[in-house]
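**Q** Below is a structure I'd like to ask you about.
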Amino acid sequence: MRRFNGKTVIVTGAGSGIGRGIAERFAEEGANVTLAGRTRAKLDAVVQRLEPARTFVQPCDVARFDQVQHLVDATVRRFGGLDVMVNNAGVAPEGSATEASLDDWQEALDVDLSGTFYGCKAALPHLLEGHGCIVNVASVSGLGADWALTPYNAAKGGVVNLTRALALDYGRQGVRVNSVCPSLTRTAMTEDMLADPALMARFMERLPLGRPAEPADIAGVVAFLASADAVFVNGVNLPVDGGLTASNGQPRM
């Protein structure tokens, strides 16, 4: 499919994991893609696999609004507009309220929540002009809480309701806002979890599809939400979780 020929997309956190998968998917479907992230070397490694004329690398710390604004402005200068903003960059500090440090709490809010808001705020003037859309990468941890992940749970819960609020405010102006909510996905961030056989056994008890997601699994749903196929989808926080949230939480008999 080439649903995004001539369209321009920004993907934050595009140097690895889900963000890389999303950037590659949009590039495969014909989009101009700006890859943003804090580490230039990771972004350059992704770009080597893409078409140079349709890709642009812009290092950016999403926790700083001035850098996010520069990211959007540079993309518009490079490609002439903006059609899709994908706010994917995130961190996942661990710990309960008594275990997590104040720095952990602030980092989760700055990157996961404020970074998403900054991306939306900077992109919206251009998206309103061209009736574009936003796809935020939230988490099943924003739909229901995890044990000992208090900062992350709170930040992703904020992303979920931010997505709803923006959908209400901008839908009639032609901008749709949705999010995807992945469960366990095979990325560098989850390497330690995936290497723990006992933990994985417990995950597999809860995942009806019986495996972690791959970044490409999430990317396909992001592309759907950004496409004309989802023209009447707005304000949705869509679980991409292998059926995890289909359970009421009771154990398997």
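**Q** Towards the positive end of the charge dipole of segment 193-233, with charges on Cβ (+1 Lys, Arg; -1 Asp, Glu), say which of L209, L225, L199 has the farthest Cα.
**A** Of the options given, the answer is L199.
**Q** Then there's this: Cα axis of helix 17-28 to longest principal axis of the chain: angle in degrees, 0 to 90, nearest 10?
**A** Orientation of helix 17-28: about 40 degrees from the principal axis.
**Q** Which one of S141, S101, G17 is farthest out on the positive end of the charge dipole of segment 1-148, using unit charges on Cβ (Lys, Arg +1; Asp, Glu -1) and the Cα centre as origin?
**A** G17
**Q** Explain nothing, just the number: dipole magnitude of the chain about its Cα centre with +1 on each Lys and Arg Cβ and -1 on each Asp and Glu Cβ, in debye rounded to the nearest 20.
**A** On the way: 23 positive and 27 negative charges, 159 e Å.
So the dipole magnitude of the chain works out to roughly 760 debye.
**Q** If you put +1 on each Lys and Arg Cβ and -1 on each Asp and Glu Cβ, how big is the dipole of segment 18-80 around its Cα centre, in Debye rounded to 20?
**A** Computed charge dipole of segment 18-80: roughly 140 debye.
**Q** Taking the Cα centre of each part, how many Å lie between segment 110-141 and segment 155-221?
**A** 16 Å
**Q** How would you order 190-197, 42-49, 154-161 from highest to lowest mean count of nearby Cβ atoms within 10 Å?
**A** Put in order of decreasing packing, that is 154-161, 42-49, 190-197.
**Q** With a Förster radius of 35 Å, plug the Cβ-Cβ distance of S96 and D44 into 1/(1 + (r/R0)^6) and report the FRET value to the nearest 0.05.
**A** Efficiency for this residue pair is about 0.40.
**Q** Could you give the nm distance between label points at M204 and Q106, where each point is 7 Å from its Cα heading toward the beta carbon?
**A** 4.3 nm
**Q** How large is the charge dipole for segment 52-154, taken about the Cα centre, if only the Cβ atoms of Lys, Arg (+1) and Asp, Glu (-1) carry charge, to the nearest 20 debye?
**A** Dipole of segment 52-154, to the nearest 20 debye: 620 debye.
**Q** Suppose R0 equals 30 Å; then what is the FRET efficiency for A195 and M253 from their Cβ-Cβ distance, rounded to the nearest 0.05?
**A** That gives a FRET efficiency of 0.50.
Laboratory data are not the source of any read-out in this text; all were calculated from the coordinates shown. Note that the structure is predicted; figures quoted are calculated from it, not measured. We place every Cβ from the backbone using ideal geometry, glycine too, and count neighbours over all the protein chains shown.
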